[in-house]
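The values are calculated or read from the model by the stated rules, or taken from the named source; none is laboratory data. Fair warning: this is a prediction, and the values are worked out from it, not measured in the lab. Here the Cβ positions follow ideal geometry from the backbone for every residue, glycine too, while neighbour counts run over all protein chains shown.
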Amino acid sequence: SQQGEEDPQALSIQEGENATMNCSYKTSINNLQWYRQNSGRGLVHLILIRSNEREKHSGRLRVTLDTSKKSSSLLITASRAADTASYFCAAFPSGSARQLTFGSGTQLTVLP
Amino acid sequence: NAGVTQTPKFQVLKTGQSMTLQCAQDMNHEYMSWYRQDPGMGLRLIHYSVGAGITDQGEVPNGYNVSRSTTEDFPLRLLSAAPSQTSVYFCASTLGGYGGYEQYFGPGTRLTVT
């Protein structure tokens, strides 16, 4: 069963707007990661947030983690057409042996 | 570094045929994994390895075998292909376990079983 579930499944915005994607997971976790996948390509790591962190930034990306609500969000500010991709969260459950579990993804379309 | 490489990029098999998907990495990563990606379902873990000679099952291991004789290579074998195995397969490697490190993904193999 999938640990992370993203919301919304699809998101369409105009260039320059901010995009927010949410991820919920089922059990307590060690870490949570976000990945991007361009059409027809492999996944590319964006950011990792540990269970004792609440917020992390990387360039135009901001990730938050709320362990009490078992949720995380990815904010992309000032979006560009090149940000068009699928975005996945991947949670690593506490106590598990090395199994990162991916959600089903959010398809982001940034319109020029 | 080439990173994670996968061959072939595309493959069509008939039901019942067998084949091996190749995966190699040149980053000296101990941990390697195989995932399949189906439309609308994200990635599901098939098998993984925490070092040469050590493999374990993931969420959807049935119909697949793996071995890890070297740190660099982690081939995935389909024993008797079925239409349900039509999918995109990704190999990934990472420096360490417990989700504490980023995973590096290969470009994928798109497999169709007829």
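Please pick out the residue among B:39, B:8 that is surrounded by fewer than 21 Cβ atoms within 10 Å (Cβ to Cβ) and without any contact (Cβ under 8 Å) to a residue 12 or more places away in the chain.
Among B:39, B:8, only B:39 is surrounded by fewer than 21 Cβ atoms within 10 Å (Cβ to Cβ) and without any contact (Cβ under 8 Å) to a residue 12 or more places away in the chain.
How about segment A:35-60: which of its residues are closer than 17 Å to residue B:36 by Cα and more than 9 Å from every other protein chain (Cβ to nearest Cβ)?
A:36, A:38, A:39
Out of the residues in segment A:1-13 that are surrounded by fewer than 21 Cβ atoms within 10 Å (Cβ to Cβ) and of a type in the set (Gly, Ala, Ser), which is modelled with the highest pLDDT?
Selected residue: A:12.
Name the one entry in A:44, A:63 that is free of Cβ contacts under 8 Å to residues at least 60 places away in the same chain, in a strand (DSSP E or B) and in contact with a His (Cβ under 9 Å, 6 or more places away or on another chain). Steps first, please.
Details: A:44 fails: in contact with a His (Cβ under 9 Å, 6 or more places away or on another chain).
Just a single option satisfies the conditions, and that option is A:63.
Taking only segment B:52-65 into account, find how many residues are under 20 Å from residue B:3 (Cα atoms) and either within 11 Å of another protein chain (Cβ to nearest Cβ) or in contact with a strand residue (DSSP E or B) (Cβ under 8 Å, 6 or more places away or on another chain) (or both).
The first filter runs over segment B:52-65 and keeps only residues under 20 Å from residue B:3 (Cα atoms), leaving B:52.
Cutting the leftovers down to either within 11 Å of another protein chain (Cβ to nearest Cβ) or in contact with a strand residue (DSSP E or B) (Cβ under 8 Å, 6 or more places away or on another chain) (or both) gives us none.
Going through segment B:52-65 one residue at a time, the tally reaches 0.
For segment B:73-92, which residues satisfy the criterion of being part of a strand (DSSP E or B) and either in contact (Cβ under 8 Å) with a residue 60 or more places away in the chain or among the aliphatic types (A, V, I, L, M) (or both)?
Quick first cut of segment B:73-92, residues part of a strand (DSSP E or B) only: B:73, B:76-78, B:87-92.
Result: B:76, B:78, B:88, B:89, B:90, B:91, B:92.
Kindly establish whether residue A:32 is touching a residue at least 12 places away in the same chain (Cβ under 8 Å), closer than 22 Å to residue B:108 by Cα and either at the interface with chain B (Cβ under 10 Å from one of its Cβ atoms) or not aliphatic (A, V, I, L, M) (or both). It would help to see each step written out before you state the result.
On the way: touching a residue at least 12 places away in the same chain (Cβ under 8 Å): yes; closer than 22 Å to residue B:108 by Cα: no; either at the interface with chain B (Cβ under 10 Å from one of its Cβ atoms) or not aliphatic (A, V, I, L, M) (or both): yes.
No.
Can you pull out every residue in segment A:74-107 that is assigned to a helix (DSSP H, G or I) and either within 10 Å of chain B (Cβ to nearest Cβ) or not acidic (Asp, Glu) (or both)? Step through it out loud before you land on a result.
The first filter runs over segment A:74-107 and keeps only residues assigned to a helix (DSSP H, G or I), leaving A:81-83.
A:81, A:82, listed by residue number.
Based on what the data block shows, is residue B:48 within 12 Å of another protein chain (Cβ to nearest Cβ), farther than 27 Å from residue A:7 by Cβ and not polar (S, T, N, Q)?
Numbers: within 12 Å of another protein chain (Cβ to nearest Cβ): yes; farther than 27 Å from residue A:7 by Cβ: yes; not polar (S, T, N, Q): yes.
Taking the combined requirement at face value, the residue satisfies it.
Looking only at segment A:14-48, which residues are of a type in the set (A, V, I, L, M), under 21 Å from residue A:85 (Cα atoms) and crowded, with 17+ Cβ neighbours inside 10 Å? Explain how you work it out, then say what you get.
At the first step, the residues of segment A:14-48 found to be of a type in the set (A, V, I, L, M) are A:19, A:21, A:29, A:32, A:43-44, A:46-48.
Checking the rest, the ones that are also under 21 Å from residue A:85 (Cα atoms) come to A:19, A:21, A:32, A:43-44, A:46-48.
A:19, A:21, A:32, A:43, A:46, A:47, A:48, listed by residue number.
Please determine, by comparing only the residues of segment B:93-114 that are more than 8 Å from chain A (Cβ to nearest Cβ) and part of a strand (DSSP E or B), which one is surrounded by the fewest Cβ atoms within 10 Å (Cβ to Cβ).
Looking at the filtered set, the residue picked out is B:112.
If you go through segment B:76-92 one residue at a time, how many are more than 14 Å from chain A (Cβ to nearest Cβ) and either β-branched (Val, Ile, Thr) or surrounded by fewer than 17 Cβ atoms within 10 Å (Cβ to Cβ) (or both)?
Count: 7.
Hey, which of the strands (runs of 3 or more DSSP E) in segment B:10-54, taking only ones fully inside, have at least 1 residues that are at negative phi and among the aromatic types (Phe, Trp, Tyr)?
Numbers: elements: B:10-13, B:19-25, B:31-37, B:43-51.
Fully inside segment B:10-54 and qualifying: B:10-13, B:31-37, B:43-51.
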